[in-house]
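What follows is calculated from the coordinates using simple rules that are stated; it is not laboratory data. Please read all numbers here as calculations on a predicted model, not as lab measurements. Note: ideal-geometry Cβ built from the backbone for every residue, glycine included; neighbour counts use all protein chains shown.
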């Protein structure tokens, strides 16, 4: 497994490493360590990670763990929290890590002479795991549909004709519809 500094250097190749990336890398490294996973990049699909925010955390988790939306090993739960749950798919052991709000406050106090982003970045490099994170062993019920490699026949929406994967269709009046045609669109045509 690479070191924190190696991952920070890799993350910074496109510019300055934001404090959320630093915190996310620390979180992912701790999650792997606690689960006893030496290198998830060498064992694809042995780890599933749920992230609870769509800011820097998913990028950091992807960098360290190799979990990605595209291979169905990175899941997004929109809770707005700097937290992630790491699930070892071989053992089903799962650990949820959440950033402590007190670490944020401690960073601003410890490095009060710096701008906020610089203070957070420095503190997140230096604070201990105990100061940064709340740890909680959890159970994560997983259906077959949520696992990497799950396959199911694709169906076609009776309204728009688009293909629907992974049992995301809605049955209304004995018709197979996509969520948008069933009245759950996330966008509107102009």
Considering Cα pairs under 8 angstrom that are at least six residues apart, work out the relative contact order of the chain and quote it in whole percent. 17 percent
Using Cβ counts within 10 Å as a stand-in for footprinting exposure, how do 190, 138, 87 rank, fewest first? 190, 138, 87
Where does each of 176, 85, 49, 65 land when they are ranked from fewest to most other beta-carbon atoms within 10 angstrom? 176, 85, 65, 49
Sticking with the crude label model, points 7 Å out along Cα→Cβ, report the distance from residue 54 to residue 134 in nm, one decimal please. 2.4 nm
Which value in nm describes the separation of the simple spin-label points at residue 16 and residue 174, placed 7 Å from the Cα toward the beta carbon? 6.4 nm
How do 120, 69 rank when sorted from fewest to most other Cβ atoms within 10 Å of their own Cβ? 69, 120
When the chain is fully extended, how far beyond the present Cα-Cα distance does residue 151 get from residue 3, taking 0.36 nm per residue of separation? 49.7 nm
If each residue of separation counts as 0.36 nm, what is the full-extension length gain between residue 167 and residue 182 once their alpha-carbon separation is subtracted? 4.0 nm
